[in-house]
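Taking it in order: structure first as C-alpha cells, then the write-up.
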Amino acid sequence: MKPILALCATVWLVAVPTMASAQTAADRFFSQLQTLCGKSFTGQVVTGDAVDEPFRKSELVITLAQCDANEIRIPFRVGEDRSRTWVITRLGEGRLRLKHDHRHADGVEDELSRYGGDAVDAGSVSLQSFPVDAESRALFTRLDRAVSNTNVWSLGLTQDVFTYQLARPGRLFRVSFDLTRPQPAP
C-alpha cells in the first residue's frame, strides 16, 4: 500500500475590485452622461449677468449627440445659433477634459474655439470642474480676452438636472437643463 499524502492550504480571500468600484468618480460621471446619449433637453439661465440677456430670451437646448467610449459631444443651441459644442473627453488618469468647439454657420471653426481645461482630480459623481488650461490662456491672451484666463467651467449632473457653469472673479453664468423631460432630437 502507498501512503496517502494530505495537503493543507491556507486560503486567503482577497477582495478584487469590481468594474464599478474600480471606476473613479469621473468615470461614473462620464458613464451617467452616456446614458443620455441621443436625447435633447431644454434649459434656462439660472445665474447670469446683463451680458447674458440673449441667453435668457432664447430657447436653450442641448443634445447629447455623439458618444463613444472616450468622448461625448454636446451641441448647445441658443435660439437659432448652433455654433457651440461642449466636448467632454476621458483622460487616461481617471479624469475628464472639457473643451468648447465653436463653429460658424458654414461649419468653419471660429478662431475662438477649442478652449477649456482638464479636471485637476476625479471630482465627484455629480460635479466636475475644469480650470482653464495653458493652451486656452494663450488663446485668450492672443485674442485680447485675458479676462478669461481665470475661467473655471463646471458640469453638474443629478438624476433630474444637468448644469453648465462658467465662473471667474466678477462673473458667474449657469444654465440648468431639465433631464426629466427629454425633447425631440433636432
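The values are calculated or read from the model by the stated rules, or taken from the named source; none is laboratory data. Computed from a predicted model, the values in this text were never measured in an experiment. For neighbour counting, all protein chains shown are included, and Cβ atoms are generated from backbone atoms with ideal geometry for every residue, glycine included.
Please go through region 155-186 and pick out each residue that is free of Cβ contacts under 8 Å to residues at least 40 places away in the same chain, outside any strand (DSSP E or B) and of a type in the set (D, E, K, R).
D160
Please go through region 167-186 and pick out each residue that is farther than 21 Å from A65 by Cβ and not basic (K, R).
Passing the criteria: A167, P169, G170, L172, F173.
So is D101 over 14 Å from the mean Cα position of the chain (by Cα), buried (at least 16 other Cβ atoms within 10 Å of the Cβ) and at pLDDT 95 or above or not?
no
Show me the helices (runs of 4 or more DSSP H) found entirely inside region 15-126 where at least 2 residues are farther than 19 Å from A167 by Cα and either touching a Lys or Arg at 6+ places or on another chain (Cβ under 7 Å) or without any contact (Cβ under 8 Å) to a residue 60 or more places away in the chain (or both).
On the way: elements: 19-22, 25-34, 53-57.
It comes to 19-22, 25-34.
Is at least one residue of region 135-143 assigned to a loop (DSSP other than H, G, I, E, B) and not hydroxyl-bearing (S, T, Y)?
Yes; the residues of region 135-143 include at least one that is assigned to a loop (DSSP other than H, G, I, E, B) and not hydroxyl-bearing (S, T, Y).
Quick check on my filter: what residues within region 56-66 are surrounded by 17 or more Cβ atoms within 10 Å (Cβ to Cβ) and either among the hydrophobic types (A, V, I, L, M, F, W, C) or over 18 Å from R181 (Cβ atoms) (or both)?
Hits for region 56-66 are L60, V61, I62, L64.
On the basis of being of a type in the set (D, E, K, R) and within 19 Å of D118 (Cα to Cα), does E71 make the cut?
So E71 fits the description; yes.
Out of the residues in region 144-154 that are outside any helix (DSSP H, G or I) and not aliphatic (A, V, I, L, M), which is farthest from G170 (Cα to Cα)?
D144
Quick one: in region 67-90, which of the residues that are under 12 Å from the mean Cα position of the chain (by Cα) and surrounded by fewer than 16 Cβ atoms within 10 Å (Cβ to Cβ) is nearest to R56 (Cα to Cα)?
E71
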